[in-house]
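Bear in mind that the values in this text are calculations on the coordinates, not laboratory data. Please read these numbers as outputs of a predicted model, since none were measured by experiment. In this analysis, Cβ positions are derived from the backbone assuming ideal geometry, glycine residues included, and neighbour counts consider all displayed protein chains.
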Amino acid sequence: MNSDDPVPGVPSPPPRERGPVISLWGGGPWADPARRAEAREAAAEVEELGYARLWLSGGFDPGLHPVFGDLLDATRELGVASGIVSVWAATPQELAEGWADLERRHPGRFLLGLGNSHATIVEGGGGRYEKPYTRTVEHLDALGDAVPPQRLVLAALGPRMLRLARERTRGAHPYFVPPAHTSFAREVLGGSSWLAPEVAVVLESDPGRARAVAREHTRGYLALPNYADNLRRLGYGDDDLRDGGSDRLVDELVCWGEPATVAAGVARHVDAGADEVAVQVLTADPGRFPRAEWAQLAAALLPA
C-alpha cells in the first residue's frame, strides 16, 4: 500500500500536513501497444528515481486500459493513476470490475481518476455530449461502494465539479492549469480534500526554444472550450488564448528552464495548496520517454 493511502479504520491527517507528493504524468508513448516492454522498463525506472505515482490517460477504449495493469506488474510499490478515464468511454460496471481486478493483484496502488472529457472529442468519436455533470454523478452513483471514495478522484476545473470531487471522492486532478487555479481549487475544496494538479515542464533555459516546445502542448488544449473557459475565469483574455498562448499564459501553464527553476515553478503549485503535483515533461520529441529529464528533475524535486 502506498504511504499516501489511508489506513482503514485510522483517521488520516489533513493531506497537506504530510507534505507534497511528486509524481509524473505520462502521455505519448506510454499506451502504445508496440512499446509495452519499453513502457514497463520506463515505469521501473520512474519508481527507482523515487517518484510516488505515475498518471496516465485512460484513453477511449471500453473499460480500463491494460497499460495500468502492465505498469503495476512491472513495479513493486509505485502508485499508478488514471488521469483520466472518460465517463463517456467506460461504463460503471467496466470500471468497477477493472478496479477490483487491479486491487486484487496490487492492493492499494491504483487510483481511479474519472472525468467528463470534452464535447469535440466525444462527438468526434460518434458519441453525444449531453449534461456532462449529470453523467459524472450517474457514474458515481452507479459505482456505489465498488470503488471506495478515497480511491477515486475527479478531473475538475470549475466550482461545481470541484465541489462534487470534494463531496464524493478523495479530491480533484485538474489538468492544464496555472498556479492561480490551484489556489482557487484549494479554496473550493477546503483543507481536507486531495488536490493533485498536472503541471507541464520543459527543461530548456532558452526562452525561444522552451516556449516553442510548450506551445506544441498548449495549442491543442487552448482549442478545447473547457480549458479556454477555465482560463478566462482566471482573467486571461482572447489575446492570451490565440496562437498557442501569449508568453504570459505559456509561462504560467508550463514551467521551463534549468531543473532548479522548474522546481521553483512546481513549488508555486505546492504553495498554492497542491498535495500532489503530477509533473508532465515536454520535449521536442513527444514520442520518446524523457528518461534523462526525469532523472534531472528527480534530483531537483525529490528528497535525497
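Side notes on the structure shown:
- Once backbone amide H atoms are built at 1.01 Å from N, A200 has C255, Q280 as its partners under 5 Å, excluding neighbours fewer than 5 places away on the same chain.
- Taken over the chain, the alpha-carbon convex hull comes to 125 cubic angstrom per residue.
- Dividing the summed -39500 (n - 2.57) terms of all DSSP H runs of n ≥ 4 by the residue count of the chain sets its mean residue ellipticity at 222 nm at -13500 deg cm²/dmol.
- Over region 112-245, the reciprocal of the mean inverse Cα-Cα separation, the Kirkwood hydrodynamic radius, stands at 16.1 Å.
- Once both labels are positioned 7 Å from their Cα atoms along Cα-to-Cβ, the gap between D271 and E216 label points is 3.1 nm.
- Here the chain is treated with +1 on each Lys and Arg Cβ and -1 on each Asp and Glu Cβ, and its dipole about the Cα centre works out to around 500 debye.
- Of the peptides 82-89, 202-209, 290-297, 48-55, the ranking by mean beta-carbon count within 10 Å, highest at the top, reads 82-89, 48-55, 290-297, 202-209.
- In the chain, Cα pairs under 8 Å separated by at least six residues give a relative contact order of 20 percent.
- Note, ³J(HN,Hα) from phi for region 30-47, Karplus 6.51, -1.76, 1.60, rounded to Hz, x at Gly and Pro: 4, 9, 5, x, 6, 10, 5, 5, 5, 5, 5, 5, 5, 5, 4, 5, 4, 5
- Taking the chain as a Gaussian network of alpha-carbon nodes connected by springs under 10 Å, the highest mean-square fluctuation of the residues L72, L253, L143 belongs to L143.
- Test item: Cα-centred dipole of region 28-162, Lys/Arg +1 and Asp/Glu -1 on Cβ, debye: 300 debye
- With a cut-off of 13 Å on the backbone N, the residues of region 233-261 near the modelled label site 7 Å out from S205 along Cα-Cβ are 257-261.
- Region 203-268 - Rg over Rh from alpha carbon coordinates, Kirkwood radius: 0.98
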